[in-house]
Structures are given as C-alpha cells and as structure tokens.
Amino acid sequence: MNSTCAVISSNLDFSCDDPIVGGIRNEIILFNFDDFQGAQITYNVSNTLVIEDIILPTGVTGYTYSAPEDAFNASAKLVPGGLQPSYDHMVSGIVLDVSPSGKQQLEKLAKGKVVVLVKNNYKGTNGNAAYELYGMQVGLKLNELVWDKADKETQGAAKFTLASSDKYKEPRPTRTVFITDYATTTTLVDSLAA
C-alpha cells in the first residue's frame, strides 16, 4: 500500500453547537447502476469523497422511493483484509406500494444493481453531510425482499435490503454530495430524480 494513502493528516473533533443526529429522511433515490456509470461526476479537488456535481446521461433519471418516517436505514462498514480495505454498503427499508406495478418494479430491482442516494437527518455544517451515495462503484443488489402480511411493523408492506455483494465490496466509504451549501446541493439532488 502506498504510504501516502495511509497517513492521517488532520484532527477529528466533535461540535457542541452542531451535534450529530442519526437516521435518514423518508425518501431515497435509486439509480440503475449501469445508467449511473455513464454520469459525469465532478469531485472536490482536495477530497475525492466529496462530489460537487453529477450530470446524468440524456434520458437517465433516478427513481424516488418514499415511505413514512424511520422507514429507511443506511450503513457503511469497513471490511478489513484483502489487498486493500473495502466497505460493505447497505440500504434497507419498506415499500408501501404493493400494487401489481409496485411488485413489478421490485421484481426488476431484484434482477439488477443500483446506486442509492440518501438524505440524512444530520445536515452537518452548512449542509456538508446531508446527502450520501451508496454503491457508487460496485453497486448494490437486492438481497432481501419480504412481504409478510402478519408483520406488525410493516403491516404487509415489502421489506427490502440492498447491499454490496458477498464477493465484491465498495473500495471507498460512502461519497458525500455537496456543493457550496445545503440549498445549492438540494437543487442538484432534486434535479436527479423523476
């Protein structure tokens, strides 16, 4: 491993004025993985974990899944070992649309890979932690989809989990989408979905 990749270079601290808040909003945006690979991505010059612009190919859009509060969760976990560290990305939640067209979309989701943009409850300083991309380089696959009509938690809605595959992991933690401030970033994010 290149020694410059492993040298820490700044302090990490907490803020009494801006305490972290857990959870994500009640809306996520899914992109077909192959479509997203054609996007023009602009990274921050000093931190490539920050994306400053996303231009989707003509005719490509993201698709919004929405549900009540606390219906979605997202996580990234370090997987040590191998040639280099890697990360498991996971997004889970429920889908309330159990109509035939809703089931058809979930069946399509089960056959493909996606990239997911989540909206965090915690916005960070000026919005620099509000939006994150999961599965950007390897994609997330549906590894759980359950309709349990007797489940008191979901009341028969579809419960799903999208995750990195067992074999291939993401080479980086989640990427943050941030341009200048929260309002500007939100404008970009809103333009990515149908």
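Of the residues making up segment 65-73, not a single one is in a loop (DSSP other than H, G, I, E, B), surrounded by 13 or more Cβ atoms within 10 Å (Cβ to Cβ) and over 19 Å from the mean Cα position of the chain (by Cα). When segment 157-194 is filtered for residues that are among the small types (Gly, Ala, Ser) and part of a loop (DSSP other than H, G, I, E, B), the ones remaining, listed by number, are Ala157, Ser164, Ser165, Ala194. When segment 91-125 is filtered for residues that are farther than 20 Å from Tyr182 by Cβ and in contact with a Lys or Arg (Cβ under 6 Å, 6 or more places away or on another chain), the ones remaining, listed by number, are Ile94, Lys113. When Gly93 is tested against (1) within 18 Å of Glu144 (Cβ to Cβ); (2) part of a helix (DSSP H, G or I), just one condition goes unmet, and that condition is (2). Only one entry in Ala130, Ala157 is among the small types (Gly, Ala, Ser), crowded, with 19+ Cβ neighbours inside 10 Å, more than 23 Å from Gly82 (Cβ to Cβ) and at pLDDT 95 or above, namely Ala130. Taken over segment 127-154, the residue count meeting the criterion of being touching a strand residue (DSSP E or B) at 6+ places or on another chain (Cβ under 8 Å) and at positive phi is 2. Restricting attention to segment 111-139, the residues being in a strand (DSSP E or B) and either among the β-branched types (Val, Ile, Thr) or in contact with a His (Cβ under 6 Å, 6 or more places away or on another chain) (or both) number 5.
If you check Thr185, Thr180, Thr125 for being buried (at least 18 other Cβ atoms within 10 Å of the Cβ) and either out of contact with any Pro (no Cβ under 9 Å at 6 or more places or on another chain) or not basic (Lys, Arg) (or both), only one passes: Thr185.
Looking at Ile51, Ile20, can you tell me which residue is under 19 Å from Gly127 (Cα atoms) and assigned to a strand (DSSP E or B)?
After applying the criteria, what remains is Ile51.
Of the numbered conditions (1) polar (S, T, N, Q); (2) farther than 18 Å from Arg175 by Cβ; (3) surrounded by fewer than 13 Cβ atoms within 10 Å (Cβ to Cβ), Gln105 fails exactly one; give the number of that condition. Going through the list (1) polar (S, T, N, Q); (2) farther than 18 Å from Arg175 by Cβ; (3) surrounded by fewer than 13 Cβ atoms within 10 Å (Cβ to Cβ), Gln105 breaks only (3).
The values are calculated or read from the model by the stated rules, or taken from the named source; none is laboratory data. Treat the numbers as computed from the prediction; the structure is a model and nothing was measured. All Cβ positions, glycine included, derive from the backbone under ideal geometry; neighbour counts span all protein chains shown.
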